[in-house]
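The values are calculated or read from the model by the stated rules, or taken from the named source; none is laboratory data. It should be emphasised that the depicted structure is a prediction, and the values quoted were computed from it without experimental measurement. Cβ atoms come from the backbone with ideal geometry, glycine included; neighbour counts cover every protein chain shown. In case anyone asks, the SASA skips ligands and DNA or RNA and just uses the protein heavy atoms, side chains included. Shrake-Rupley method; radii C 1.70, N 1.55, O 1.52, S 1.80 Å.
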Amino acid sequence: MGKPYYLIDFENVQPKSLGRLQPGSACVRIFYGENQTKVALDVARTLQPFGADGDYVPITGSGPNAVDFHIAFYVGHIAAREPGASFVIVSKDTGFDPLIRHLKDRGIACRRIADIPAPPGATPAIKAPPVAKKSKALTVVVLPEPNGAAAKSIRSRMSVH
């Protein structure tokens, strides 16, 4: 079995990097729509070392599922040219699932993942704690000393708006 092909549906998933994928271990194709004009610099930098194993596939024309149909075409084209090739479709689009079942029934290894796994040792994103809502009213309680001296001195320094 050769290197797996990672076919990225860039209209559906915009990975920040190629995660665990290493040059020489996989072939990567990024499919992008006619109206997509930008790719994250991190993705471009991590795709470059793949050389001929990494490529951008522009889609000419637009329409519902245009990128999806191109990915399906490339799976068939590569599978015919390279018997034994395996495929990973990177997309959150579950519309690929019937195609994947059909390919598996015909002995073509294919699966779909929603995103590319982070590289080993990467720090997972940490969600910030929820920000407390600001109160509209503020109540200050001052506990005076038994003789009342502290309460008087604090009141004289505070201004009420």
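Could you give the accessible area per residue of region 1-99, probe 1.4 Å, as a whole number in Å²? Provide the component values of the computation, followed by the final result.
Numbers: 5240 Å² over 99 residues.
On a per-residue basis, region 1-99 sits at 53 Å².
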Worksheet entry | Gained length - Phe73 relative to Ala114, 0.36 nm times residue gap less alpha-carbon distance | 12.8 nm
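Of all accessible surface on region 1-121 at a 1.4 Å probe, what whole percent is carbon and sulfur? Before the final figure, lay out the partial values.
Values: 3570 of 6780 Å².
Answer for region 1-121 is 53 percent, counting heavy atoms of protein chains only.
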Response to the item:
Once both label points are put 7 Å beyond Cα along the C-beta direction, the Ala66-Glu82 separation in nm becomes 2.7
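Calculated FRET efficiency, Ala44 and Lys3, Cβ-Cβ r, R0 25 Å, to nearest 0.05? Show your work: numbers first, answer last.
Values: r = 21 Å, r/R0 = 0.82.
With a Förster radius of 25 Å, E is 0.75.
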